[in-house]
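Visitor: Mind having a look at this structure? Questions to follow.
Read the figures in this text as sums done on the coordinates, not as results from a lab. These numbers come from a predicted model, not from an experiment. Glycine also receives a Cβ, built like all others from the backbone with ideal geometry; neighbour counts cover every protein chain displayed.
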Amino acid sequence: MPRDGALIVAAQWDRQFMREAALWRDGPCRATYFDGADSTRDDLFAALKPGASLVYLGHSTPRAWLGFRGIRADHIPNDVPPLARVIALTCHGAAADGLGAAWLDAGARSVTGPQGSFEIDALLKISAILRAGFASPNCLDPMACLDGLSGFRTLSQQPA
């Protein structure tokens, strides 16, 4: 579990993404779980706490996550608490001019995800690797497993 706050996983209403997100919830990570079948984006936003890590599993465009009836930059509340990280396991998750940048503007310290299109099977494998890292009490930086991963990048807040 992240040492700096809660771990929240959000899955688009799609069997494969919901199954993977349930593993984050039910396994050692004990993540708070939201899915597009039973939750709204307002439910998701209300659960965000300062320092939390948010993992999104689902489809997207560069400008929006398609789960939760769509989450665009203008849906992110002005008073959303500053997140430690957003991990967007979706196509275009870290598009510099898309939703990834909007999470940074909303106060997230970092946003990690693919720069463009990505195979779903590969995203699910990456999710499993991250899940193991977050669950391990000996892993100081679960994000390190993504270092050098082709097509992935991390956008970060610039120091003041």
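Visitor: What is the chain's relative contact order, in percent, from Cα pairs under 8 angstrom and six or more apart in sequence? Write out the running numbers ahead of the final one.
Guide: Working: 350 pairs, mean separation 32.9, N = 160.
Relative contact order here is 21 percent.
Visitor: To make sure I understand, if each residue's beta carbon is the centre and we count other beta carbons within 10 Å, what order do Ser127, Ser117 fall in, fewest to most?
Guide: Details: Ser127 20, Ser117 9.
Lowest to highest Cβ neighbour count: Ser117, Ser127.
Visitor: Another question, if that's okay. By average Cβ neighbour count within 10 Å, what is the ranking of 12-20, 99-107, 149-157 from highest down? All intermediate terms of the calculation are to be shown ahead of the outcome.
Guide: Numbers: 12-20: 17.7, 99-107: 20.1, 149-157: 14.6.
Descending packing order for the listed peptides: 99-107, 12-20, 149-157.
Visitor: Could you work out the Kirkwood radius for the chain, taking every pair of different alpha carbons, averaging 1/r and inverting it, reported in Å? Intermediate results must be reported in sequence, preceding the final value.
Guide: Values: mean 1/r = 0.0659 Å⁻¹.
After inverting the pairwise mean of 1/r, the radius is 15.2 Å.
Visitor: If you don't mind, another one. With label points built 7 Å along Cα→Cβ from the Cα atoms of Leu124 and Ser136, find their separation and express it in nm.
Guide: Output for this residue pair reads 2.3 nm.
Visitor: Any idea how far apart Ser156 and Asp26 come out in nm if each label point goes 7 Å out from Cα toward Cβ?
Guide: Each label point is offset 7 Å from its Cα along the Cβ direction, giving 3.6 nm.
Visitor: Which FRET efficiency, nearest 0.05, do Arg63 and Gln16 yield, Cβ-Cβ r, R0 22 Å? Can you show the working numbers first?
Guide: Working: r = 23 Å, r/R0 = 1.05.
FRET efficiency, Arg63 to Gln16: 0.45.
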